Amino acid sequence: MEPIALGVALLAGALLGWFFARRTSARVGSSVAPHLLPDPALEWLRRAHRALGVWITELDPSEEGPRAERILEPERLSVAQIVAVDRRLERARDQEQSGVERMQGGTLVFRGQGGAAVGLLLPEQFETGGLDGVEDDLRRLLDGVRRRPHIVALTQAQAQEASLESVGSVGLRLAYQLERTLDAQVVVAALENGTARVIGVSGRGDRRLLDTMLPADSPLAQVADGRVEPHVSTIDPVGGVVADRRSRTGSVLLVPLKKDLKPVGAVAIWLGTGREPTGAVRAEMMEAVHNAASRIDRALEADRHKRAATVDALTGLHNRRGFDEAFTLITAKGGTLVYSDLDRFKTLNDTLGHPAGDAALVHFARIIREQIRSGDVAGRIGGEEFAVWLPETSLDLGLRIAERIRVKLGTMAWDWQGRSWPLSASFGVAACPETSTSLDNLPAQADSALYEAKRSGRNRVERAVR
């Protein structure tokens, strides 16, 4: 906890210094530190520009929908005015727009990029001479919002010993180191089982890329697995893996990550000038890449050993040990636990044979994986029994996810060697705090709810009783 506490203290000191500097300056300057800004700092920003409100909206892949924050003076704004700004900022976020617009009751200055948007609603009598300062502060605020998950991840990674480095922590560190050195956006990918996965995105990048698997024909994937030599590309290096992501135009330097001669991954660097780094800057870049490659290779090897002990070889999900470890190590204060069983699995095995049963388990595991989110944990914890942990998820949302999996399994055709076989599953759902005030009680509650679903006719979702 010491590195995190130190980071919070440094951030608080920086924010106080910024505030008092703004109070003593005659000009409304641009000094917002590029960090996650808590409510007090947003209020200081609003007051510094005498704004009616500050808005932040962002897409969060770990949540069901977008997340929004706003600090405003409700007595000076109507509900209709607030809703109008909300909707305009949502469009700016989704379409990556920036600009200045007249709104009812004031002037909205806004910036949108990489799945996030920020805005300041200025009063009608605002002096246009201070517009540059507003735009500069919004640029820094947006940078801070987009850096938020990376800062948290890096702070947590710094608390670990170097020998315990994860693939993700090495990727994030490399991305930020190269961003500082080259003043450029950076994306880092690692090669896992022949597929390139994004493990690091710098502060200027689109964090929705993190943990995505790149298409095999994308330029970054081709350099990562050694099919293509390092080069400068003018097309999207990640192959449009995020559907609504606006591709950055310009030249992108693609550099392989290699341990000795073995491909480990690759790095994409957006060149603002269109020219490759030279001299001392290039030497520093290559040293960082070389150093990170060996660390990524070690982390991938450690992951492989861990997977052998904690991953179910048939389905690729966590096994009982892996799932229990993930659930035991959770830091969330609440969430939803889902238990599920394939219905009449013994009949399937006895009729079609054990290879068919294995194929049905793989099919069910694939559906579960497709229907849950990137931060959720799924496991096969018994013969035909599966579990899904949904951290920071309400009971209602957990029930909807379980129902979504049930419907998908029941409506998706499955056959074994040409013989059609209907598949269904039963689900038991428990949540903290809705069905229990303790996370430790969730497994027993979910198991009881699953038993009730089986007893009540199968192919249904049952919630636990408090």
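The values are calculated or read from the model by the stated rules, or taken from the named source; none is laboratory data. Computed from a predicted structure; not experimentally measured. Here the Cβ positions follow ideal geometry from the backbone for every residue, glycine too, while neighbour counts run over all protein chains shown. Keep in mind that these areas ignore ligands, DNA and RNA; they rest on the heavy atoms of the full protein, side chains included. Shrake-Rupley method; radii C 1.70, N 1.55, O 1.52, S 1.80 Å.
Among residues other than Asn459 whose Cβ falls under 9 Å from its Cβ, what is the net charge (Lys/Arg +1, Asp/Glu -1)? Kindly include the intermediate steps, with their values, before the conclusion.
Values: positive: Arg406, Arg458, Arg460; negative: Asp343.
That works out to +2.
So how far, in whole Å, is the C-alpha centre of the range 298-377 from the one of the range 418-466?
Cα centres, the range 298-377 to the range 418-466: 16 Å.
Between Arg321 and Ser374, what length comes free when the chain is fully extended (0.36 nm per residue of separation minus the Cα-Cα distance, one decimal in nm)?
Numbers: separation 53, 0.36 × 53 = 19.08 nm, distance 2.01 nm.
Contour length minus Cα-Cα distance gives 17.1 nm.
Taking 0.36 nm per residue of separation and subtracting the Cα-Cα distance, what length does fully extending Ser78 through Leu261 add?
Numbers: separation 183, 0.36 × 183 = 65.88 nm, distance 6.37 nm.
Result: 59.5 nm gained on full extension.
Mind checking which aspartates and glutamates have their Cα closer than 16 Å to the Cα of Lys333? Skip sequence neighbours fewer than 8 apart in that chain.
By straight Cα distance, Lys333 reaches Glu63, Asp376, Glu392, Glu434, Asp440.
Express in Å², to the nearest 10, the accessible area of Thr234 obtained by rolling a 1.4 Å probe over the protein heavy atoms while all chains stay in place.
110 Å²
With a sphere of radius 13 Å drawn around the Cβ of Ser294, what net charge do the other residues whose Cβ falls strictly inside it have (Lys, Arg +1; Asp, Glu -1)?
Details: positive: Lys258, Lys259, Lys262, Arg295, Arg298; negative: Glu165, Asp260, Glu287, Asp297, Glu301.
Residues close to Ser294 contribute a combined charge of 0.
So what is log10(I(q)/I(0)) for the range 102-151 at q = 0.14, 0.23, 0.26, 0.33 1/Å, when the Debye sum runs over its Cα atoms only?
-0.39, -0.83, -0.96, -1.23
How big is D, in µm² s⁻¹, for the range 67-128 by Stokes-Einstein at 25 °C and 0.890 mPa s if Rh is the Kirkwood radius over C-alpha pairs? Present the calculation step by step, with values, prior to reporting the outcome.
On the way: Rh = 11.9 Å.
Result for D is 206 µm²/s.
Is the C-alpha gyration tensor of the range 421-466 telling us rounded, prolate or oblate? Criteria: a/c under 1.5 is rounded; beyond that, a/b larger than b/c is prolate, otherwise oblate. Mind dumping the intermediate values first?
Values: a/c = 3.05, a/b = 2.62, b/c = 1.17.
Cα axes put the range 421-466 in the prolate bin.
Carbon and sulfur together cover what percent of the accessible area of the range 89-130 at a 1.4 Å probe radius?
Working: 730 of 1900 Å².
The nonpolar share, carbon plus sulfur, comes to 38 percent.
Taking all protein chains in place and a 1.4 Å probe, what share, in percent, of the accessible surface of the range 300-459 do carbon and sulfur account for? List each step's numbers first, then the result.
On the way: 3880 of 7780 Å².
The computed percentage sits at 50.
Please arrange Lys333, Lys259, Lys346 by accessible surface area, largest first, computed with a 1.4 Å probe and ligands excluded. Don't skip to the answer; put the middle values down first.
Details: Lys333 180, Lys259 70, Lys346 140 Å².
Descending order: Lys333, Lys346, Lys259.
Can you pull a Stokes-Einstein diffusion coefficient for the range 355-464 at 20 °C (1.002 mPa s), Rh from Kirkwood over Cα pairs, as a whole number of µm²/s?
148 µm²/s
So which aspartates and glutamates pass the test for Lys259, namely a Cα distance under 17 Å, with those fewer than 8 places away in the same chain ruled out?
Within the straight-line limit of under 17 Å, Lys259 reaches these aspartates and glutamates: Glu165, Glu192, Asp225, Glu229, Glu287, Asp297, Glu301, Asp303.
Quick check for you: with a 1.4 Å probe and neighbouring chains kept, what is the accessible area per residue of the range 356-466, in Å²? Could you put the intermediate results ahead of the total?
Working: 5180 Å² over 111 residues.
Result: 47 Å² of accessible area for each residue.
What is the mean projected area of the alpha carbon convex hull for the range 257-402, to one decimal in square nanometres?
Average of the hull's projected areas for the range 257-402 equals 13.5 nm².
Under 1.5 on a/c is rounded, so check that first for the range 176-306, then, if it is not, pick prolate when a/b is larger than b/c and oblate when it is not; a ≥ b ≥ c are the square roots of the alpha carbon gyration tensor eigenvalues. Can you show the working numbers first?
On the way: a/c = 1.56, a/b = 1.14, b/c = 1.37.
It comes out oblate by the Cα gyration axes.
Looking at the range 363-452, which trypsin sites (Lys or Arg not before Pro) are in a loop (DSSP not H, G, I, E or B) and have at most 14 other Cβ atoms within 10 Å? Walk me through the numbers on the way to the answer.
Working: sites: Arg366, Arg369, Arg373, Arg380, Arg400, Arg404, Arg406, Lys408, Arg419; in loops: Arg373.
Filter output for the range 363-452: Arg373.
Give me the 1.4 Å probe accessible area per residue for the range 231-340, excluding ligands and nucleic acids, in Å².
Numbers: 5820 Å² over 110 residues.
Computed with neighbouring chains in place, this is 53 Å² per residue.
Let me make sure I get this right: for the range 293-339, a, b and c are the square roots of the gyration tensor eigenvalues over alpha carbons, sorted descending. Under 1.5 in a/c it's rounded, otherwise prolate if a/b > b/c, else oblate. Which is it?
Working: a/c = 3.13, a/b = 1.57, b/c = 2.00.
In terms of gyration-tensor shape, oblate.
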